[in-house]
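The values are calculated or read from the model by the stated rules, or taken from the named source; none is laboratory data. Predicted, not measured: the structure shown is a model, and the values here were computed from it. Neighbour counts are summed over all protein chains in view; Cβ atoms, including those assigned to glycine, are modelled from backbone coordinates with ideal geometry.
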Amino acid sequence: MKKITRNKLPGSVWTNPLHFIGCGFGVGAVPWMPGTFGTLVGVVAVLLMRPLSLWAYIAVTTALVLVGIYLCHVTNRDFGTHDHSGVVWDEIATFPIVMIAIPKTGYWLLAGFVLFRIFDIWKPWPISWLDREVHGGLGVMIDDVVAAIFAWAPLFIVYKFFYS
């Protein structure tokens, strides 16, 4: 049986601005399920981006992902890890992908949140392969980008064919 371990972060998360942002403004310090809490910050980001046009939303989402490659690389390098569980910028930056062209309201956000967490935790192929084989900041981000696309696809299909 797998032992559940508590998430532990270096103290630099509170003193280094890059570590603080990479750890989701401190949310990554939550002792259990930091990725889930990071995704909740991603939900807040989506709500803040709600007034944007579709193209502006996509541009901001792209910028969050590109910044994330750098943030996750630097923070994990400084922590001496490949993908520390407390570095949750990948969940924050990629959750908005799930909500591209989807209403940013109650049930849709909840469905997107649940689907994203399922794919991010379960890591079906090719997500698991990317998680193992791609390193650095790109490696930390790319598996979450693909998990977000996997979550977005069924959500978009249901929305387009049954609700619009």
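Observations, loosely collected:
- Pairs with Cβ under 9 Å, 6+ apart, first in region 56-74 and touching a residue at least 40 places away in the same chain (Cβ under 8 Å), second in a helix (DSSP H, G or I) and among the aromatic types (Phe, Trp, Tyr): Gly68/Trp89; Leu71/Trp89; Cys72/Trp89
- Taking (1) touching a residue at least 40 places away in the same chain (Cβ under 8 Å); (2) of a type outside the set (S, T, N, Q); (3) crowded, with 20+ Cβ neighbours inside 10 Å in turn, Ile142 satisfies each apart from (1).
- The residues in region 69-95 that are small (Gly, Ala, Ser) and surrounded by 24 or more Cβ atoms within 10 Å (Cβ to Cβ) can be counted, and the count is 2.
- Qualifying residue in region 97-112 (condition: buried (at least 18 other Cβ atoms within 10 Å of the Cβ), touching an Asp or Glu at 6+ places or on another chain (Cβ under 8 Å) and either of a type in the set (Ser, Thr, Tyr) or within 27 Å of Pro17 (Cβ to Cβ) (or both)): no
- Arg6 being modelled with pLDDT of 95 or more and of a type in the set (D, E, K, R): no
- Hey, Leu47 of a type in the set (A, V, I, L, M) and crowded, with 19+ Cβ neighbours inside 10 Å or not: no
- Matching residues, region 18-35, being in contact with a Ser or Thr (Cβ under 8 Å, 6 or more places away or on another chain) and surrounded by fewer than 21 Cβ atoms within 10 Å (Cβ to Cβ): Leu18
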